[in-house]
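S.K.: Can you read through this structure? Questions will come right after.
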Amino acid sequence: MGTPATGSTPRLDARTRMLLEAAIPATLVRLGTPNVLVMFVQAAVGLIETYFVGKLGTDALAGVTLVFPVLMLMQMMSAGAMGGGISSAIARALGAGRRDDADALAWHALVIGLAFGVTFTLAVLGGGGWLYGAMGGRGASLAAAATYSQVIFSAAVLIWTFNSSPRWARPA
C-alpha cells in the first residue's frame with residue numbers, strides 16, 4: 001500500500017525525506033523551537049507592557065484591561081481562525097501539486113487581511129468608546145481605553161495582514 005500502482009517509489013525532495021526519515025524527537029525539536037521562541041518573546045512583551053502600563057497608574061491599567069478582550073478577539077480571529085484556514089488551504093493546494101492555486105490563495109489571503117483589518121479598525125475606532133463604556137469603563141479609565149484602542153487598532157490592518165499571511169515559504 002505504501003508504493004504507487006506502477007511499482008516505483010515517488011521522488012521526494014530532501015526536506016520531505018528529512019521529515020519522513022529523521023529521528024522523531026530531533027525533528028520535533030527542530031520544528032518546534034522557532035514556535036517556542038516566538039511564544040516566549042510574545043509572553044515577555046506582554047509582561048513588559050503590563051509592567052510599564054502599571055507604572056502609569058490604575059486608570060491606564062484599567063483602560064488596557066478594557067481593550068484587551070477586543071484585541072485578543074481580533075488576534076484569535078486573524079491568526080487562529082482565518083490564518084489557520086488560509087494556511088491549511090494553501091497547504092492542501094501545495095500538497096496536491098497545485099502551485100497556481102496556492103499562489104492565488106496567497107493573494108486572496110492578502111485581500112482578506114486588508115478587508116478584515118479595515119473593518120476592525122473602523123468598527124473599534126467608531127464604536128470602541130461605547131463598547132468600553134458598556135464594559136464598565138468610566139472617567140479616566142475610559143479615556144485611557146480610548147487612547148490605547150486608537151493606537152492599537154489603527155494598526156489592525158497590519159495585524160490582520162501578518163496573521164492572515166500564508167505561513168509557507170518554498171522556492172518555486
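S.K.: Among 155, 134, which is the only one that is within 23 Å of residue 43 (Cα to Cα), out of contact with any His (no Cβ under 8 Å at 6 or more places or on another chain) and surrounded by fewer than 20 Cβ atoms within 10 Å (Cβ to Cβ)?
M.R.: On the way: 134 fails: within 23 Å of residue 43 (Cα to Cα).
On inspection, the qualifying residue turns out to be 155.
S.K.: Which is of a type in the set (A, V, I, L, M), exposed (fewer than 13 other Cβ atoms within 10 Å of the Cβ) and either within 30 Å of residue 12 (Cα to Cα) or in contact with a Phe, Trp or Tyr (Cβ under 8 Å, 6 or more places away or on another chain) (or both), of 109, 96? If you could, list the steps in order and put the result at the bottom.
M.R.: Working: 109 fails: exposed (fewer than 13 other Cβ atoms within 10 Å of the Cβ).
Just one listed residue meets the conditions, 96.
S.K.: Criterion first (open to solvent by less than 50 Å² (accessible area, probe 1.4 Å) and not in a helix (DSSP H, G or I)) does residue 85 satisfy it? Walk me through it before giving the result.
M.R.: Values: open to solvent by less than 50 Å² (accessible area, probe 1.4 Å): yes; not in a helix (DSSP H, G or I): no.
The answer is no for residue 85.
S.K.: How about region 1-18: which of its residues are in contact with a helix residue (DSSP H, G or I) (Cβ under 9 Å, 6 or more places away or on another chain) and modelled with pLDDT under 80?
M.R.: Here is the first cut: in region 1-18, the residues in contact with a helix residue (DSSP H, G or I) (Cβ under 9 Å, 6 or more places away or on another chain) are 12, 18.
12 - this is the single residue of region 1-18 that is in contact with a helix residue (DSSP H, G or I) (Cβ under 9 Å, 6 or more places away or on another chain) and modelled with pLDDT under 80.
S.K.: Which of the residues belonging to region 31-81 are small (Gly, Ala, Ser) and either open to solvent by 70 Å² or more (accessible area, probe 1.4 Å) or touching a residue at least 40 places away in the same chain (Cβ under 8 Å) (or both)? Break it down stepwise before answering.
M.R.: Residues of region 31-81 small (Gly, Ala, Ser): 32, 43-44, 46, 54, 57, 60, 62-63, 78-81.
If the condition is that a residue be small (Gly, Ala, Ser) and either open to solvent by 70 Å² or more (accessible area, probe 1.4 Å) or touching a residue at least 40 places away in the same chain (Cβ under 8 Å) (or both), then 60, 62, 63, 78, 79 are the ones that fit.
The values are calculated or read from the model by the stated rules, or taken from the named source; none is laboratory data. Bear in mind the structure is a predicted one, so any value in this text is a computation, not a measurement. Cβ atoms come from the backbone with ideal geometry, glycine included; neighbour counts cover every protein chain shown. The protein model used for the area step is the full one, side chains on, heavy atoms only, and it has no ligands, DNA or RNA in it. Shrake-Rupley method; radii C 1.70, N 1.55, O 1.52, S 1.80 Å.
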